[in-house]
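Let me begin by presenting the structure, written as structure tokens, before commenting on it.
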Amino acid sequence: MKKLKNKDTVAIISLSSGLLGESFCLEQKLLAEKRLKELNLNFVYTPNALKGIDYLEKNPQKRAEDLIWAFENKNIKAIICALGGFDTYKTLEFILNNKKNIKTLQKNKKIFVGYSDTTVNHLMLNKLKIKSFYGIALLTCIAEWDKEILDYTKSSINWLFNINKPKEYIISEYWYKERKTFGFENKNIPREKYKEEHGYELLQGKAKFSGILLGGCLESIFSLLEKQNNNEIDKKYWILDNKTFKNKVLLLETSEEKLEPEIIKNQLEYLKKYNIFSNVKAVIIGKPQDEKYYLEYKNLFKTFFSDPYFKNIPVLYNINIGHAYPKMILKLNSKIKVDFLKSKIKSY
């Protein structure tokens, strides 16, 4: 997998929601294009990326074709997801249904970055032994309505130009609220900004740990397992089982839905029931968006992972990743090193 260089071409893809193709999203799309140029990147849209919400919802095979197209195209050096959504699992059968598609993905490894519902795509790539990057999306990060991309997030994006070297993170000095609206009325208006008060919080276990990182959005992992168990996904295309996270550092973060703690607890218990978390080596957990339920989630995770089932594995809380702002990018299926004593996280 090669790092990005100036003037490289990146592909913008809509693997979940087709929001990017809607007319009301035009101004933010233009802003994203401007920002990509400022990053010295050329860009293309995958053939179906701009066909809108309704079309892409009804045609998951077209989203799948776009992913194969982007991996196959030698001119494309990285793939950036436009946004998350709710049903990228529907693309699995169209991607994994023949050996040619799988070979295309495995022979043309390149930077693939996204988060939220894109967790499913990351888990699929992991199944094929392909590394990927969890952390940002085009509309939420590159097309930030403020005058610039958030500094911390931009530093994460810049790592994609230097991935042959590890990226070291400390916690962001500030965190930012999600916007109440997402239209042009936000242009040049900064997000609400708050001083970080908690820092990284070690809920249990050793202060230093390392391992191979895998995971993503908790709700997406839960939903995927539920759909597998309900036979909404053909067993041939299952990508999640009790070996997926074995001996891994598990990444978990919660979505913009800001679910009540009891629902999060039920999702965790469901995953535990099917041994999805069996033999996990350590856990890192993202800051909740807007710090909603910050203490409730913290106490919930602390209680859940204190079960003897987890053998006092390290659990670190309040990472700048996922649906909270700003965002780091972490490389999945690759080494991560955490030093709580120095408040540092290093992605390799």
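The values are calculated or read from the model by the stated rules, or taken from the named source; none is laboratory data. No experiment lies behind these values; they were computed from the predicted model shown. Cβ sites come from the backbone with ideal geometry, for glycine too, and all protein chains shown count toward neighbours.
Here is how the numbers come out for the structure above:
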| read-out | value |
| --- | --- |
| Looking only at region 242-275, and only at residues there that are within 23 Å of residue 295 (Cβ to Cβ) and in contact (Cβ under 8 Å) with a residue 60 or more places away in the chain, the one that is farthest from the chain's Cα centre (by Cα) | 256 |
| Residue tally, condition under 16 Å from residue 157 (Cβ atoms), in contact (Cβ under 8 Å) with a residue 40 or more places away in the chain and either of a type in the set (Val, Ile, Thr) or exposed (fewer than 15 other Cβ atoms within 10 Å of the Cβ) (or both), over region 10-59 | 2 |
| Evaluation of residue 333 against (1) over 19 Å from the mean Cα position of the chain (by Cα); (2) more than 30 Å from residue 192 (Cβ to Cβ) (one fails), failing number | (1) |
| Every residue from region 328-344 that is basic (Lys, Arg) and either under 15 Å from residue 118 (Cα atoms) or in contact with a Cys (Cβ under 6 Å, 6 or more places away or on another chain) (or both) | 331 |
| Subset tally (residues that are buried (at least 21 other Cβ atoms within 10 Å of the Cβ) and among the hydroxyl-bearing types (Ser, Thr, Tyr)) for region 210-243 | 1 |
| Which numbered condition residue 286 fails, given (1) within 18 Å of residue 115 (Cα to Cα); (2) touching a Phe, Trp or Tyr at 6+ places or on another chain (Cβ under 8 Å) | (2) |
| Given (1) within 20 Å of the chain's Cα centre (by Cα); (2) in a helix (DSSP H, G or I), index of the condition residue 24 fails | (1) |
| Search result, residues across region 326-348 that are part of a helix (DSSP H, G or I) and crowded, with 18+ Cβ neighbours inside 10 Å | 340 |
| Residue 3 assigned to a loop (DSSP other than H, G, I, E, B) and surrounded by fewer than 18 Cβ atoms within 10 Å (Cβ to Cβ) | yes |
| Matching residues, region 94-111, being crowded, with 20+ Cβ neighbours inside 10 Å and without any contact (Cβ under 8 Å) to a residue 40 or more places away in the chain | 95, 105 |
| Residue list for region 195-218, filter: more than 19 Å from the chain's Cα centre (by Cα) and part of a strand (DSSP E or B) | 195, 201, 202, 203, 204, 208, 209, 210 |
| Long-range neighbours under 6 Å by Cβ, at least six apart or interchain, first residue farther than 17 Å from residue 125 by Cα and modelled with pLDDT of 95 or more within region 227-239, second of a type in the set (Phe, Trp, Tyr) and assigned to a loop (DSSP other than H, G, I, E, B) | 228/238 |
| The listed residue being within 19 Å of the chain's Cα centre (by Cα) and not in a strand (DSSP E or B), out of 144, 168 | 144 |
| Any hit, region 51-73, residues being among the hydrophobic types (A, V, I, L, M, F, W, C) and touching an Asp or Glu at 6+ places or on another chain (Cβ under 7 Å) | yes |
| Among (1) within 21 Å of residue 252 (Cβ to Cβ); (2) in a helix (DSSP H, G or I); (3) not polar (S, T, N, Q) - the single one residue 133 does not satisfy | (2) |
